[in-house]
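A short worksheet on the structure shown next.
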Amino acid sequence: MALADPQSLPGTPVVPLARISAALGRFGSDDSTYELTVDHSRNSRARHTVKLTQRKISADPLLPSQNREYSQSIHIVIDHPKQGFSNTEVVALATRFLAYAQTAGLTASLVQGQA
């Protein structure tokens with residue numbers, strides 16, 4: 001089963017992400033600023049990865065007269081055994097973690113290098 005096409009990033013403005021690969025779970029914005037990649041591997045464990053990448057052109061700090069491309073990304077990985085946990089339990093843990101990350105200020109703490 002495939003994700004809906006297009007996907008969209010919330011915020012102001014909402015950024016639509018059209019499917020850019022039929023074989024893979026890759027979605028991108030019209031201007032190539034954002035790319036969303038969804039990947040699944042099922043070996044001895046099931047691993048589901050979502051990666052959001054943002055690109056921009058900015059001045060090179062060493063050569064300010066020249067621009068270069070910079071990118072940043074965030075990954076979310078769900079890793080679980082094939083047996084032992086139900087899909088409901090896996091989703092519950094992911095939901096709990098994402099809620100914690102939002103309410104505990106975890107993102108800002110991570111970016112500041114706190115552990």
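The values are calculated or read from the model by the stated rules, or taken from the named source; none is laboratory data. Please read these numbers as outputs of a predicted model, since none were measured by experiment. Note: ideal-geometry Cβ built from the backbone for every residue, glycine included; neighbour counts use all protein chains shown.
Considering each of ARG19, ARG42, ARG26, ARG55 in turn, give the residue that is under 28 Å from ALA99 (Cα atoms), exposed (fewer than 11 other Cβ atoms within 10 Å of the Cβ) and not β-branched (Val, Ile, Thr). Working first, answer last.
Details: ARG19 fails: exposed (fewer than 11 other Cβ atoms within 10 Å of the Cβ); ARG26 fails: exposed (fewer than 11 other Cβ atoms within 10 Å of the Cβ); ARG55 fails: exposed (fewer than 11 other Cβ atoms within 10 Å of the Cβ).
So the residue among ARG19, ARG42, ARG26, ARG55 that is under 28 Å from ALA99 (Cα atoms), exposed (fewer than 11 other Cβ atoms within 10 Å of the Cβ) and not β-branched (Val, Ile, Thr) is ARG42.
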Restricting to the stretch 21-69, name every residue that is part of a loop (DSSP other than H, G, I, E, B), hydrophobic (A, V, I, L, M, F, W, C) and over 19 Å from the mean Cα position of the chain (by Cα). LEU62, LEU63
Here the qualifying pairs (Cβ atoms under 7 Å; residues six or more apart or on different chains; first in the stretch 86-115 and more than 16 Å from HIS75 (Cα to Cα); second at pLDDT 90 or above and of a type outside the set (D, E, K, R)) come out as VAL90/ILE78; VAL90/HIS80
Residue satisfying condition, being out of contact with any Asp or Glu (no Cβ under 9 Å at 6 or more places or on another chain) and closer than 22 Å to VAL15 by Cβ, within set VAL77, VAL111, VAL91: VAL111
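Would you say LEU24 is touching a residue at least 24 places away in the same chain (Cβ under 8 Å) and under 26 Å from HIS80 (Cβ atoms)?
Considered against the rule, which asks whether it is touching a residue at least 24 places away in the same chain (Cβ under 8 Å) and under 26 Å from HIS80 (Cβ atoms), LEU24 comes out as no.
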I'd like the residue in the stretch 5-16 that is within 21 Å of ILE78 (Cβ to Cβ) and touching a strand residue (DSSP E or B) at 6+ places or on another chain (Cβ under 9 Å) and, out of all such residues, is surrounded by the most Cβ atoms within 10 Å (Cβ to Cβ). GLN7
Residue hits (the stretch 65-115; modelled with pLDDT under 95, of a type in the set (Ser, Thr, Tyr) and surrounded by 10 or more Cβ atoms within 10 Å (Cβ to Cβ)) are TYR100, THR107, SER109
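What residue, among those in the stretch 70-94 that are part of a loop (DSSP other than H, G, I, E, B) and not small (Gly, Ala, Ser), is nearest to HIS40 (Cα to Cα)?
At the first step, the residues of the stretch 70-94 found to be part of a loop (DSSP other than H, G, I, E, B) are 82-86.
Checking the rest, the ones that are also not small (Gly, Ala, Ser) come to 82-83, 85.
On the way: LYS82: 13, GLN83: 17, PHE85: 17 Å.
Applying the filter and picking the extreme gives LYS82.
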